[in-house]
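One structure is given below, encoded as structure tokens.
Every number in this text was worked out from the coordinates using simple rules, so none of it is lab data. The structure displayed is predicted, hence computed values, not measured ones. Backbone-built Cβ (ideal geometry, glycine too); neighbour counts: all protein chains shown.
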Amino acid sequence: MSYDLTKLAKLKAIQSLAQEVHTNYAKKSELPTKVSDLTNDSNFQTQTQVESAISAAVAGSLIPGGSVTFANLPELSATVKNHIYNVSDSFTTTSDFIEGAGHDYPAGTNVAIIDVGTESTPAYKYDTYTGTFDFSGFATKVSGATSGNFPALDSEGNLTDSGYSAQDFAGDISGKADKVSNATNGNFAGLDANGNLTDSGKSASDFNKVLVPTEGDGTVTVDGTSKAIVYIATDAEVTEMLNDIFNPSSGS
């Protein structure tokens, strides 16, 4: 703490603090003490609203109606709204179903009666509840397909056997060179009369090594033996030559 608490404060500073408290802070008596005093900006539900929602959900639950034949399904009306029946025989839907006419279902399908209209104008339809699905939009499997062949599609979008496998699309490799069998690691590759790879029998160690220096006398080293190829003048020799040309009188 870098300030001294024993020092007095200026009246102006106390006034500023009091103004800050008065402007930005509420009195205890001004604080809300009930939820109803707050603004419900998050739309929290009241007990009455929650109870009403539960009652509506329960009212919309399906009511078991027992097992009947398709011909004995009750007529569409408000008295059997949300009732569900197990149909004991197979059937084909009519226009009274939500999905429309012409859909086949097996025995054991459950059919409910629901309201698809509005509160002022109700309209009732049959609705199917079943674990059996309509697979008419799925492609059929191929009967008698050859293992390894690629699949194809017929004009109806169903799978067929194309009659071709990966081997039918293999490229012509007659122009490719054969690899070398039992090659010696590090040897150079060669070619035979047919253009195939062979082992040359030679590696880098079978050839003379030549080392070329980057500075100094113009010599090269061949298999450890130094051989001169050019003689390079020293700096002193070059300087002496230039002095003889440009300053002949200074010579000895």
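List of remarks:
- Considering every alpha-carbon pair of region 58-129, the percent of pairs per 10 Å bin, from zero through the bin containing the longest distance, is 21, 56, 21, 2.
- Interchain or long-range residues, amide H under 5 Å from ALA139's placed H: none
- Hz values of 3J(HN,Hα) by residue in region 172-180 - Karplus curve (6.51, -1.76, 1.60), Gly and Pro given as x: 7, 9, 5, x, 8, 7, 6, 6, 8
- Footprinting exposure proxy ranking of GLU119, GLU75, GLU240, fewest other C-beta atoms within 10 angstrom first, gives GLU119, GLU75, GLU240.
- Vicinal HN-Hα couplings computed from phi for region 71-84 (Karplus, 6.51 cos²θ - 1.76 cosθ + 1.60; Hz; Gly/Pro x): 5, 9, 4, x, 5, 5, 6, 5, 5, 10, 4, 6, 7, 10
- Near THR198, the amide H atoms lying under 5 Å from its own belong to GLY190, LEU191, ASP192; only residues 5 or more places off or on other chains count, and H is placed 1.01 Å from N.
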